[in-house]
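A.B. asks: Take a look at this one; I'll ask things after.
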There are 2 protein chains.
Amino acid sequence: MNSDEFRKAGYRIIDWIADYRAGIEARPVMAKTAPGDVKAMLPASPPQQPESFDAILADLDRVVMPGITTWQHPRFFGYFPANALLSSVLGDYVSTGLGVNGLAWQASPALTEVEEVVTDWMRQMLGLSNAWSGVINDTASTSTLVALLCARERASQYSLVRGGLQGEEKPLVVYASGHSHSSVEKAALLAGFGRTNVRVVPQEASHAMRAESLASMVHEDIRDGRVPCAVVATSGTTTSTALDPIEAIARVATANNMWLHLDAAMAGSAMILPECRWMWQGVELADSLIVNPHKWLGAVFDCTLYFVRDPEHLVRVMSTNPSYLKTQADGRVKNYRDWGLPLGRRFRALKLWFLIREQGVESLQARLRRDLDNAKWLAAEIGKTPNWAVVAPVPLQTLCIRHEPAGLTGEALDKHTLDLAGRINQSGQAYVTPAMLDGRWVVRVSIGAELTERRHVQQLWQLMQDLVR
Amino acid sequence: MNSDEFRKAGYRIIDWIADYRAGIEARPVMAKTAPGDVKAMLPASPPQQPESFDAILADLDRVVMPGITTWQHPRFFGYFPANALLSSVLGDYVSTGLGVNGLAWQASPALTEVEEVVTDWMRQMLGLSNAWSGVINDTASTSTLVALLCARERASQYSLVRGGLQGEEKPLVVYASGHSHSSVEKAALLAGFGRTNVRVVPQEASHAMRAESLASMVHEDIRDGRVPCAVVATSGTTTSTALDPIEAIARVATANNMWLHLDAAMAGSAMILPECRWMWQGVELADSLIVNPHKWLGAVFDCTLYFVRDPEHLVRVMSTNPSYLKTQADGRVKNYRDWGLPLGRRFRALKLWFLIREQGVESLQARLRRDLDNAKWLAAEIGKTPNWAVVAPVPLQTLCIRHEPAGLTGEALDKHTLDLAGRINQSGQAYVTPAMLDGRWVVRVSIGAELTERRHVQQLWQLMQDLVR
């Protein structure tokens, strides 16, 4: 495909995406595909000869689209808002079309320097002090792994240059609440700590971590000859956006030389609202933190911000310096390859740069405030309706909801809840993802798609009420 | 930005990329930016109010483009061919515009199932048996880390559910040659093995690993009470595309219950040519292997294929199963989140699907054969020119070249070599990345950009000769 052919085919792709986005509300939210449906429509072997672009586009409609769950649908209330705003999409199109790789500063200086600037813009938008340095990673999972590796190496005084975790006499221990994201335990296990050295800290009724419990578990581990290494606090847990008490946790961490990593993947976007910043009071005491602009804020996936207070430590843990990556600019520039796991690096800063400039900070703030209002409205409606309950605090835009008809408890109630969630999704009218809270299933509703207005939340509420009648 | 505005702005982005690609040969290959130049042109703080799309596009030209090194330039001979073919770019545009996230099969069934099909197409194209299962990761670095984590858990019989590496009595050991990629040592250190448990296996004159040395190092470690855990072999090392003897290495691995991971990130693309498959003879004996379609093959970055023979083991090491990720389809479908590090997942299969269909296997093969011929031609030209040498075998498309004027040795020769590479790059006419081989610098020339024809290789050769005159 030469550039003329690209121009023609590219217009068609733009039209195709524009049509998809314009017609998004008319689509079913959840794909109605059965397992194997898509595979069955595709040839088992690759084509030996070129196919026409027409054939490929036709298969997009015929094969792919029936298997697409509509994440930007105004009645998508599953997982998290995945606001791939169209300005951000265009920023990513520039990155992909340029096809550069930022494995060294010299390999495209603009890639590195725009990333430096845009991560610093984000730092300011989030109200963080200038003690933080940022880098863009793919996901929160990867970033949390990086954080725990950095914690491991700080606590062990760089065991990696010696015998690794295999050479340590006292086991290092990691702490998180039972409501921390699944990626936290995964990262701790992959980093080699072992499950017997990962502590689940008890929670308050609000599902936030109990700092006093953390303190006593830490003391117990020290008494038993183990070394408290890291604690992962969450601002906005996945299930209910519970807010761990950062400041109290930080006191425990500081007193015991532990690494404090703050997972604000989802809720971090809300920190562009000054009135929300009380939620992560104490953030300046953390060693690392993550915020996912690819969620509520509006950047297209993937775009996770990883902020650290000690970039030199990060580089010491992550850097490699083989001859074939050396350039004449080294020492005077940032080489972001030494700030994370992968060597290769897309020009991800463009999608954030386009987004922030096309929107402006105030528009981003206004949209998030709209979503907080919608969540408050829905919580109030449910609160005044018999047999319905919001079963966790709603500091942000996620609601844990249950329909609790008189006499229904235990597993029967769970069945009722999962059945409701399943019927919402099967209807194609809305999409929710159920979750467990306090040992029982809830219908979890995450509000904040770009197109979600009050009426869409009203429609969901009406649908839920209709389905249990 | 609504869909109508997107349509207009999108056409402009398509035109902008089409113009960039059409005019690529007229651009300097290496950006001439000085450190800080790009940053200095950007505001230190984010805009509060929306900016026009015109303003953003204007800054692309004014701020970004001078800082772009032209990776698709026909005289780009650095690092590796980064062939972001335009059909692949369009496949990625569809992915980005759809904005779906494959964190569960149900979250967009087509994302998972197209990936299953396309990775299997690639398996067939590479001549691999159907004992392999594939998944798309971002990079080789990440995939090698996954491989070593899987090796660690197999050798330790899932230490992660116990005390991790901290609970093992005998240290696990990892082996690789001194010419394995820097990501191998990085992965071993991050996985917690520790540098004292990473062995650098000596090499042949060809820069391939000596299998006999591996065998004796393994026996020594066993004798000393350590556990050989994994060996990483490379088909096509970064500096000179040296070929480790897979079959002989596999014999050592099999005899000692070691994991064999094969790094064919760059050279793997050549295995779509049946005449090249002798290069990884023994590949079927490996446990895992990586090939980067985002290099020579033509997919736009990022797109690494990770193939494994035991996907159940991979899932056992990587899986998490929190309530909020459960769906009614679980158990009947693949959830690729359990095949690697990140939870979130782009629809990366589209860029490979578009590429393979638009090109057809035979066109891809023809292009790679052209590049192999060009490399042979250049090696022959240099071989017959006094004072010039190709200092390593050239099985593929990478040449290690030196100009060796009579009397110049040691550090003076190194200075001469680095000076030549620097002057090539500063000229803007071509781009090369120097590397160390046998303790001395070489000018490393990696041939295979999509637009690179014989005349571009001739121009590089002429330029090099002119610069030393």
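A.B. asks: Around B:L372, what is the net charge, scoring Lys/Arg as +1 and Asp/Glu as -1 over all other residues with Cβ under 13 Å from its Cβ?
C.D. replies: +2
A.B. asks: Another question, then. Could you give log10 I(q)/I(0) at q = 0.05, 0.14 Å⁻¹ for chain A, computed by the Debye formula over C-alpha point scatterers of equal weight, without solvent?
C.D. replies: -0.21, -1.42
A.B. asks: Further question: How about B:K384: which lysines have a C-alpha closer than 27 Å to its C-alpha, ignoring those fewer than 8 places off in the same chain?
C.D. replies: Result set, ordered by chain and number: B:K376, B:K415.
A.B. asks: What accessible area, in Å² to the nearest ten, does a 1.4 Å probe give for A:D438?
C.D. replies: My reading of the accessible area for A:D438 is about 110 Å².
A.B. asks: Hey, quick one: spin label on A:R251, modelled 7 Å out along Cα-Cβ, who in region A:195-228 has an amide N within reach, i.e. under 14 Å?
C.D. replies: Residues A:210-216 fall inside that zone.
A.B. asks: Could you tell me which trypsin sites (Lys or Arg not before Pro) in region B:204-263 are loop residues by DSSP with no more than 14 other beta carbons within 10 angstrom of their beta carbon?
C.D. replies: Filter output for region B:204-263: empty list.
A.B. asks: Inside 10 Å of the C-beta atoms of B:17-26, what's the mean count of C-beta atoms belonging to other chains? List each step's numbers first, then the result.
C.D. replies: Numbers: counts 10, 10, 2, 5, 9, 5, 1, 1, 0, 0.
Per residue, the average neighbour count from other chains is 4.
A.B. asks: Let me ask something else. Any chance you could list the semi-axes, whole Å, largest first, of the equivalent ellipsoid that the Cα gyration tensor gives for region B:226-271, using √(5λ)?
C.D. replies: Working: eigenvalues 98, 19, 14 Å².
They are 22, 10, 8 Å, listed from largest to smallest.
A.B. asks: Let me ask you something else. Could you please tell me the mean projected area of the C-alpha convex hull for region A:80-144, averaged over all directions and given in square nanometres to one decimal? Let's see the in-between values first.
C.D. replies: Numbers: hull surface 23.3 nm².
Spelled out: convex hull of the Cα atoms, projected over all directions, averaged, 5.8 nm².
A.B. asks: Right, something else. With a 1.4 Å probe and all protein chains in place, put A:K351, A:K326, B:K186 in order of accessible area, largest first.
C.D. replies: Values: A:K351 0, A:K326 90, B:K186 25 Å².
Sorted descending by solvent-accessible area, the residues read A:K326, B:K186, A:K351.
A.B. asks: Also, quick follow-up: When Cβ neighbours within 10 Å are restricted to other protein chains, what is their mean count per residue of peptide A:39-45?
C.D. replies: Mean number of neighbouring Cβ atoms from other chains: 5.
A.B. asks: Excluding ligands and nucleic acids, what accessible area in Å² is computed for A:K376 using a 1.4 Å probe, to the nearest 10?
C.D. replies: Result for A:K376: roughly 130 Å² accessible.
A.B. asks: Over chain A, what is the relative contact order in percent, taking alpha-carbon pairs closer than 8 angstrom and at least six residues apart?
C.D. replies: Reported relative contact order: 23 percent.
A.B. asks: Still on this structure, I have one more. Quick one: Cα centre-to-centre distance for region B:328-379 and region A:189-207, in angstrom?
C.D. replies: 38
A.B. asks: Can you tell me the mean projection area, over all orientations, of the convex hull of region A:352-417's alpha carbons? Units nm², please.
C.D. replies: So the Cα hull casts an average projection of 6.1 nm².
A.B. asks: Okay, moving on. Per-residue accessible area for A:M41 at 1.4 Å probe radius, Å² rounded to 10?
C.D. replies: The accessible area of A:M41 comes to roughly 70 Å².
A.B. asks: Express in nm, to one decimal, how much length is gained between B:L418 and B:R455 on full extension, taking 0.36 nm for each residue of separation and deducting their alpha carbon distance.
C.D. replies: Here the segment from B:L418 to B:R455 would lengthen by 10.9 nm.
A.B. asks: Grab the DSSP H runs of chain A that are 4 residues or longer, score each as -39,500 (n - 2.57), total them, divide by all residues and round the 222 nm result to the nearest 500 deg cm²/dmol.
C.D. replies: Helix-only estimate at 222 nm: -12500 deg cm²/dmol.
A.B. asks: Return the lysines within reach of B:K351: Cα separation strictly under 21 angstrom, same-chain partners fewer than 8 residues apart disregarded; answer none if there are no such residues.
C.D. replies: Cα-Cα hits under 21 Å: A:K8, A:K39, A:K351, B:K295, B:K334.
A.B. asks: Please identify the helices of chain A, taking whole runs of DSSP H, that span at least 20 Å along their own axis as judged from the Cα atoms and have a mean Kyte-Doolittle score of 0.0 or higher.
C.D. replies: Working: long enough: A:3-22 (27 Å, -0.72); A:109-125 (24 Å, -0.23); A:140-155 (22 Å, 0.61); A:361-383 (33 Å, -0.41); A:410-427 (26 Å, -0.66); A:454-468 (22 Å, -0.59).
Those that clear 20 Å and a mean of 0.0 are A:140-155.
A.B. asks: Cα centroids of region B:394-427 and region B:75-118: how far apart, whole angstrom?
C.D. replies: Each part's Cα centre sits 38 Å from the other's.
A.B. asks: Please figure out what share of the DSSP beta bridges in the protein assembly as shown is antiparallel and state it in percent, rounded to the nearest 5.
C.D. replies: Close to 50 percent.
A.B. asks: Additional query: For chain B, give me the percentage of DSSP beta bridges that are antiparallel, rounded to the nearest 5 percent.
C.D. replies: Approximately 50 percent, going by the DSSP bridge assignments.
A.B. asks: Then there is this: Can you give me the orientation-averaged projected area of the convex hull built on the Cα atoms of region A:19-175, in nm²?
C.D. replies: Taking the Cα atoms of region A:19-175, their convex hull projects to 16.6 nm² on average.
A.B. asks: While we're looking at this one, here's another question. Counting Lys +1, Arg +1, Asp -1, Glu -1, what net charge surrounds A:R469 among other residues with beta carbon under 14 Å of its beta carbon?
C.D. replies: Charge balance near A:R469 sits at -1.
A.B. asks: Based on the alpha-carbon gyration tensor of region B:265-315, what equivalent-ellipsoid semi-axes (square roots of 5 times the eigenvalues) come out, in whole Å, largest first?
C.D. replies: 20, 17, 6
A.B. asks: Continuing with the same structure: Other chains' Cβ within 10 Å of A:373-385 residues: what's the mean?
C.D. replies: Mean partner-chain Cβ count within 10 Å for A:373-385: 0.
A.B. asks: Defining the label point at 7 Å along Cα→Cβ, can you sort the distances from A:A366 to the same site in each other copy, shortest first, in nm?
C.D. replies: With the label placed 7 Å along Cα→Cβ, A:A366 yields 5.5 nm.
A.B. asks: Now for a different question. Report, for A:Q328, each distance to the same residue's label point in the other copies, shortest first and in nm; define the point 7 Å along Cα→Cβ.
C.D. replies: 6.4
A.B. asks: Same structure, new question: Assuming a viscosity of 1.567 mPa s and a temperature of 4 °C, what translational diffusion coefficient in µm² per second does Stokes-Einstein assign to region B:149-264, Rh being the Kirkwood radius over Cα pairs?
C.D. replies: 92
A.B. asks: Would you mind counting up the charge near B:L314? Only other residues with Cβ under 11 Å from its Cβ, with Lys and Arg at +1 and Asp and Glu at -1.
C.D. replies: Here the count lands on -2.
A.B. asks: Turning to a different aspect of this structure: At most 13 other Cβ atoms within 10 Å and a DSSP loop assignment: could you name the chymotrypsin sites (Phe, Trp or Tyr not before Pro) in region B:272-377 that fit?
C.D. replies: none
A.B. asks: Hey, another quick one. I need the semi-axes of the equivalent ellipsoid of the protein assembly as shown: take the C-alpha gyration tensor, multiply each eigenvalue by 5, square-root it, list largest first in whole angstrom.
C.D. replies: Ellipsoid half-lengths, sorted descending, are 43, 33, 27 Å.
The values are calculated or read from the model by the stated rules, or taken from the named source; none is laboratory data. A quick note: this is a predicted structure, and the numbers were derived from the prediction, not measured. Cβ atoms come from the backbone with ideal geometry, glycine included; neighbour counts cover every protein chain shown. Quick note on the areas: whole protein, heavy atoms, side chains included, nothing else; ligands and nucleic acids left out. Shrake-Rupley method; radii C 1.70, N 1.55, O 1.52, S 1.80 Å.
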